[in-house]
Amino acid sequence: MSNTEFPDDELRQEQEFVDGLYARVDVLRGDAEDSVSDALAQGHTPRQARLERDILVAERSGLLAALNAVDGSLCFGRIDLASGATHHIGRIGLRADDAERTPVLIDWRADVARPFYLATGHTTMGLRRRRHIATEGRRVTALHDEILDLGDETRTGHEDPTGDAVLLAALDSARTGRMGDIVRTIQADQDRIIRAPHRGVMVVEGGPGTGKTAVALHRAAYLLYEHRELLARRAVLIVGPNPAFLGYIGEVLPSLGETGVLLATVGELYPGVRTTRTDTPGAAAVKGRAGMADVLADVVRDRQTLPDPVIAIEHDREVLLLDDGLVNVARERTRAARLPHNVAREHFEGHVLNALTDMVAERIGTDPYDGSNLLDPSDITQIRDELAGNPEVWSAVDRLWPLLTPERLVADFLAAPEGYLPDEDAAAVRRPVTRHWTVSDVPLLDEAAELLGEDDRLARERAERERRTQIAFAQGVLDVSYASRTFEFEDKEDADPDSSEVLSAHDIIDAERFAERHEEEDHRSAAERAAADRTWAFGHIIVDEAQELSPMAWRLLMRRSPTRSMTLVGDPAQTSEAAGVGSWEDILAPYVEDRWEHTRLGVNYRTPAEIMDVAAAVVRAEHPGFEPPGSVRATGVRPWARATGDLPGAVAEAVTELTPDEGRLAVIAPRELHRPLAARLDGVTAGTEPDLTHDVVLLDPRQAKGLEFDSVLVVEPGRYGTSDLYVALTRATQRLGVLHTEPLPEPLAAALG
């Protein structure tokens, strides 16, 4: 870097450090790629060698993924300590190649980096100076220094008098359609949440723009750093409200060097089902009630039937009658075991077979003179085995205690819910048997799977057959090896007389162990395995927009978190789903009572004061005591509203007016208006998941949850409920406009003047 390009010594020094840092990164990349290539080139090796190769590949691939994800913004800060030491802070940690493995770049999550976020002039935490480093790619473009030790008279010419320049620059920057990390600008109240101890349930409440989602994602990255061994094995689950939201936040964790996290919506938490379909509000409310668990339990019990009046079974030229009394005894004894329905069937089968065996034994083995039984235990066993081979017995068992799938059980219930629900609720949820599931169905499927369990006898038998086949194959390999060796020595006239003492594979391993060594290993990541396993227990779960989840959805999630290690993020004031719980107490009391921690974020970093004042007025009209989060900035640009007789035309004109050279604009409108609006907007399609990287996107209020845009156009706000309108009004970082043909809600009209 020449003096002409960087006449400033401080900039030159930082650029030299960054150049050296990336030179080291390039070397690491080359080493990692070579190591991966070498490992993969080894081919077939013994099991231990293959395991070591796979570990090496995973480590090197993980390093490559982390370096590639954060490339271009690896280092963002520096702290100068009163002791004279200096530490550069970055998205991941890197060490020198010396014997001491000296840290070159400190991971932002390390304890030594914490003063970068918490130190103040009042509490310096041992710092003289805090430096924010701005980069474009690998080029240092600006420095912002905060003087913490006022006794230090050294000045660099890059001092930031307020310490807010970096934060305000980030807030004013154009949006890209993807959430960026906030690692350069984490505030003290956010840092305390991010680094909170890994135990129990933490609730992070905050209004629009308070950064609660970003805090939750950075908390996931911190927990993965602090508890790597546990969470890498058990994985972290992040639950979001919709696929567009997950796409929006999807690059945050990779930018922080973390890729081993499962992101999913509730509609994706039942293996084999991925749905974004929604029910009517009435149907969603009914399906989401906690009482649906009892309803489904009743549905399962009703599938455990009694004969009406008897079932006749022909066996050995005799007719055996299963009546309701005999079957009821078997049923109640089976239910007493309190096992899931499909698992319990084996017990029911046993009780029925025992009853039929007693019936046959009594008929053929009773002494006609004294009534004693003349059969010995082996005779009884033979009778039972013969009955177990009778297809009519199993036909009867299938009628009385059928094997059920969750999908069939829920589909049949929804096709005929009468008798289980009040008439009005039954009418709301009733639908023909279909393969198209809704998001509200997924918790029902999971509940049904829990009630039914899985009869894995066939799977165990199949696995045992495969194991025996593998052992037989292994034995064949060993036999061929032994025969070849024997032939080799017998064929040699000068064979060593002691050659018989040379060990062969036959001598050191048997066929069973040989087969085990060549079993196929599961190379999927923990997140990939978790996505396919309904019973997976996650190390930690983060739920965004948590107030929107139904009681049934919470039952599903709590089953995924037996340790109750969770971070819940949301804002009860933004609850809009008919089945949403809203209250933290109502969500958590059934599972952890009052053993949970609550914290609130009260600073709005997204929404300018001019827009927030309008949004708050709408909520206060319904809730007079409502206090919104305080905005950290004002733009001087007032929101506006226009009445129009040509809504699609007015929207197209306003989009042209509001779309800046950079940034993103969202048109937020009721779903029924999307098609006519999309017809007038270039590149916008109705009825599909929006691509948030496009300049203009069309959303309904609920799709907009958790998102932010440079400009927002709210269409026909009179059709929104208060919560949906509050969400729509608080998505903009710069400009807000309102278009309507119908009268505005009175509080909104008054606030807009």
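Every residue in the stretch 170-194 that is among the basic types (Lys, Arg), assigned to a loop (DSSP other than H, G, I, E, B) and open to solvent by 50 Å² or more (accessible area, probe 1.4 Å), please.
Going through the stretch 170-194, the residues among the basic types (Lys, Arg) turn out to be 175, 178, 184, 192.
Then drop every residue that is not assigned to a loop (DSSP other than H, G, I, E, B), which leaves 175, 178, 184.
Residues satisfying the conditions are 178, 184.
Hey, among 684, 715, 696, which residue is hydrophobic (A, V, I, L, M, F, W, C), closer than 19 Å to residue 177 by Cβ and touching a His at 6+ places or on another chain (Cβ under 9 Å)? Full working, then the answer.
Working: 715 fails: closer than 19 Å to residue 177 by Cβ; 696 fails: touching a His at 6+ places or on another chain (Cβ under 9 Å).
The unique qualifying residue is 684.
Could you tell me which residue of the stretch 534-545 is surrounded by the fewest Cβ atoms within 10 Å (Cβ to Cβ), considering only residues that are more than 15 Å from residue 200 (Cβ to Cβ) and of a type in the set (A, V, I, L, M, F, W, C)?
Step one: filter the stretch 534-545 for residues more than 15 Å from residue 200 (Cβ to Cβ), giving 534-537, 544-545.
Now narrow it down to the ones that are of a type in the set (A, V, I, L, M, F, W, C): 536-537.
Values: 536: 18, 537: 15.
Selected residue: 537.
Might you check whether a residue that is over 16 Å from residue 580 (Cα atoms), out of contact with any Pro (no Cβ under 9 Å at 6 or more places or on another chain) and hydrophobic (A, V, I, L, M, F, W, C) occurs anywhere in the stretch 275-288? I'd like the intermediate steps shown before the answer.
First, pick out the residues of the stretch 275-288 that are over 16 Å from residue 580 (Cα atoms): 275-277.
The next check asks that each one be out of contact with any Pro (no Cβ under 9 Å at 6 or more places or on another chain); those that pass are 275, 277.
When the remaining residues are screened for being hydrophobic (A, V, I, L, M, F, W, C), the result is none.
Looking through the stretch 275-288, none of the residues is over 16 Å from residue 580 (Cα atoms), out of contact with any Pro (no Cβ under 9 Å at 6 or more places or on another chain) and hydrophobic (A, V, I, L, M, F, W, C).
Out of the stretch 574-620, which residues are surrounded by fewer than 19 Cβ atoms within 10 Å (Cβ to Cβ) and of a type in the set (A, V, I, L, M)?
Hits for the stretch 574-620 are 578, 589, 592, 603, 609, 617.
Which members of the stretch 195-238 meet the condition of being in a loop (DSSP other than H, G, I, E, B) and either of a type in the set (S, T, N, Q) or modelled with pLDDT of 95 or more (or both)?
From the stretch 195-238, those in a loop (DSSP other than H, G, I, E, B) are 195-200, 207-211, 227, 235; that's our starting set.
210, the sole residue that qualifies.
Under 7 Å between Cβ atoms, which residue pairs at least 6 apart in sequence (or on different chains) link something in the stretch 200-227 that is closer than 19 Å to residue 255 by Cα and free of Cβ contacts under 8 Å to residues at least 60 places away in the same chain with a partner that is open to solvent by less than 20 Å² (accessible area, probe 1.4 Å) and in a strand (DSSP E or B)?
As it stands, the answer is 224/236, since those pairs meet every condition given.
For residue 657, state whether it is of a type outside the set (A, V, I, L, M), over 18 Å from residue 729 (Cβ atoms) and open to solvent by 10 Å² or more (accessible area, probe 1.4 Å).
yes
State the number of residues belonging to the stretch 129-153 that are touching a strand residue (DSSP E or B) at 6+ places or on another chain (Cβ under 8 Å) and closer than 24 Å to residue 16 by Cα. Give the derivation first.
First, the residues of the stretch 129-153 that are touching a strand residue (DSSP E or B) at 6+ places or on another chain (Cβ under 8 Å): 129-135, 140-149, 152.
Still in the running and closer than 24 Å to residue 16 by Cα: 129-135, 140-147.
Final tally of qualifying residues: 15.
Go through the stretch 239-293 and give me each residue that's outside any loop (DSSP other than H, G, I, E, B) and among the polar types (S, T, N, Q). Write out each step before concluding.
First, the residues of the stretch 239-293 that are outside any loop (DSSP other than H, G, I, E, B): 239-240, 243-249, 252-255, 261-268, 270, 273, 281-288, 292-293.
Residues satisfying the conditions are 255, 265.
So if I check each of 671, 664, which one is of a type in the set (D, E, K, R), surrounded by fewer than 17 Cβ atoms within 10 Å (Cβ to Cβ) and either closer than 30 Å to residue 239 by Cα or out of contact with any strand residue (DSSP E or B) (no Cβ under 6 Å at 6 or more places or on another chain) (or both)? Before you say what the answer is, go through the steps one by one.
On the way: 664 fails: surrounded by fewer than 17 Cβ atoms within 10 Å (Cβ to Cβ).
Testing whether each residue is of a type in the set (D, E, K, R), surrounded by fewer than 17 Cβ atoms within 10 Å (Cβ to Cβ) and either closer than 30 Å to residue 239 by Cα or out of contact with any strand residue (DSSP E or B) (no Cβ under 6 Å at 6 or more places or on another chain) (or both) leaves just 671.
Collect the residues in the stretch 704-750 that are crowded, with 18+ Cβ neighbours inside 10 Å and among the small types (Gly, Ala, Ser), keeping them in residue-number order.
Answer for the stretch 704-750, where residues must be crowded, with 18+ Cβ neighbours inside 10 Å and among the small types (Gly, Ala, Ser): 704, 706, 711, 723, 728, 732, 737.
Inside the stretch 677-703, can you point out the residues that are open to solvent by 60 Å² or more (accessible area, probe 1.4 Å) and not aliphatic (A, V, I, L, M)?
Of the residues in the stretch 677-703, the ones open to solvent by 60 Å² or more (accessible area, probe 1.4 Å) are 679-680, 682-683, 685, 687-689, 691, 694-695, 702.
Correct list: 680, 682, 683, 685, 687, 688, 689, 691, 694, 695, 702.
What residue, of 326, 322, 353, is open to solvent by less than 60 Å² (accessible area, probe 1.4 Å), aliphatic (A, V, I, L, M) and touching a Lys or Arg at 6+ places or on another chain (Cβ under 8 Å)?
Numbers: 326 fails: touching a Lys or Arg at 6+ places or on another chain (Cβ under 8 Å); 322 fails: touching a Lys or Arg at 6+ places or on another chain (Cβ under 8 Å).
After applying the criteria, what remains is 353.
Determine, yes or no, whether residue 141 is in a strand (DSSP E or B), of a type in the set (Ser, Thr, Tyr), in contact with a Gly (Cβ under 8 Å, 6 or more places away or on another chain) and open to solvent by 30 Å² or more (accessible area, probe 1.4 Å).
On the way: in a strand (DSSP E or B): yes; of a type in the set (Ser, Thr, Tyr): yes; in contact with a Gly (Cβ under 8 Å, 6 or more places away or on another chain): no; open to solvent by 30 Å² or more (accessible area, probe 1.4 Å): yes.
The answer is no for residue 141.
The values are calculated or read from the model by the stated rules, or taken from the named source; none is laboratory data. All values reported here derive from a predicted model rather than from experimental measurement. All Cβ positions, glycine included, derive from the backbone under ideal geometry; neighbour counts span all protein chains shown. To get the accessible areas, we keep the full protein, side chains included, count just its heavy atoms, and leave off ligands, DNA and RNA. Shrake-Rupley method; radii C 1.70, N 1.55, O 1.52, S 1.80 Å.
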